[in-house]
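Here's the structure, in structure tokens; my notes come after.
The values are calculated or read from the model by the stated rules, or taken from the named source; none is laboratory data. The structure displayed is predicted, hence computed values, not measured ones. Neighbour counts run over all protein chains shown; Cβ positions are idealised from the backbone, glycine included.
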Amino acid sequence: MARAFLGMGLLGANFVKAMLDKGEKVQIWNRNPERARALEASGAEVFASAADAVKGADHVHITVKDDAAVNEVLAAAAPGLKPGAIIIDHTTTTVEGARQRTEAWKDKGFTYLHAPVFMGPANAREGSGYMLVSGDQALIEKVQPLLDKMTGKVINLGPEEGKAAGMKLIGNSFLVTFVAGLSDTLSLGKALNISAQDIGSLFDIWNPAQMLPVRLQRMSSGDYSKASWELNMARKDTQIFINTVNENNGSLTVLPAIAATMDKWIEKGFGTSDWTVIAKDAVS
């Protein structure tokens, strides 16, 4: 059973290497042909056009940049698609884009499944990490054995088209804000002459990640009346963070914005509420 893969970025190239390691036949294409040709020595069949690369392939995988790139590449591949071919898109896209493509390719007589991933290049190479799917459950059942070989766990989010795209965006949003918060934490550490290694040692002993489920439940409950940390007190500490970094000519990414949000809720009369009240608008 032939497979095609369109897009030889870090993720796509490592997916292909893993497939080749398993003895699979893989037909590949990339806009920059040099990236594709780099995999010829490993056994990949390289094609000059997307349409040629997908000829005869039962499953066509794609990993590119965004909605526009997916649409452009699939349009270029369309003349070569085998009747009944299944398109499996691992690109991080919008929810609406995933839904539109599901319907559009169905109308053209093909099957499109959005299967974004929480995986880096190393995960793709070794078949670990997570792959998200949603939509047609019969289709997912059909292709899951194929997907299981590509990742550590396939997470089926149910029959709602586009939900996999949404959950992928949720995860990436958390990662972006998490790293930005760590950046500010490191800036504060630098201002206090506390090393990243010492900060890591603190988190080894006191792991704030363990608080995540309880904190999420508290934030989404809508009840902020029983404070474990009053907003007024959290705001006071936040100002200490900001002042300390500023006094040492450091830079901050998110803390000033958080302080402004806290001020808004204090002005509304929530100063003695639990500080997680700053999420009120997001969950109400």
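State all residues of the stretch 140-170 that are farther than 23 Å from ALA122 by Cα, exposed (fewer than 15 other Cβ atoms within 10 Å of the Cβ) and not small (Gly, Ala, Ser); if no residue qualifies, say none. GLU141, LYS142, PRO159, GLU160, listed by residue number.
For the stretch 21-45, the candidate set comprises residues that are assigned to a helix (DSSP H, G or I) and in contact with a helix residue (DSSP H, G or I) (Cβ under 8 Å, 6 or more places away or on another chain); within that set, the residue that is surrounded by the fewest Cβ atoms within 10 Å (Cβ to Cβ) is SER42. If the condition is being surrounded by fewer than 18 Cβ atoms within 10 Å (Cβ to Cβ), over 17 Å from the mean Cα position of the chain (by Cα) and part of a loop (DSSP other than H, G, I, E, B), then the stretch 103-139 contributes LYS108, GLY109, ASP136.
The set of residues in the stretch 46-59 being over 18 Å from THR151 (Cβ atoms) and either at pLDDT below 95 or part of a strand (DSSP E or B) (or both) consists of VAL46 alone. Within the stretch 99-112, not a single residue is at pLDDT 95 or above, among the aliphatic types (A, V, I, L, M) and under 21 Å from LEU11 (Cα atoms). It is to be established whether one or more residues within the stretch 226-249 are of a type in the set (Ser, Thr, Tyr) and within 19 Å of SER187 (Cβ to Cβ). Checking the stretch 226-249: at least one residue is of a type in the set (Ser, Thr, Tyr) and within 19 Å of SER187 (Cβ to Cβ). Within the stretch 2-30, the set of residues being out of contact with any strand residue (DSSP E or B) (no Cβ under 9 Å at 6 or more places or on another chain) and under 19 Å from ALA69 (Cα atoms) comprises GLY9, LEU10. Got at least one residue in the stretch 116-128 being among the basic types (Lys, Arg), without any contact (Cβ under 8 Å) to a residue 60 or more places away in the chain and out of contact with any Cys (no Cβ under 8 Å at 6 or more places or on another chain)? The answer is no; no qualifying residue exists.
Highlighted here are the helices (runs of 4 or more DSSP H) found entirely within the stretch 218-284 that include at least 3 residues which are more than 22 Å from PHE174 (Cβ to Cβ): 231-247, 255-267. If we keep just the residues of the stretch 1-59 that are of a type in the set (S, T, N, Q) and within 19 Å of ALA78 (Cα to Cα), which is farthest from the chain's Cα centre (by Cα)? The qualifying residue farthest from the chain's Cα centre (by Cα) is SER49.
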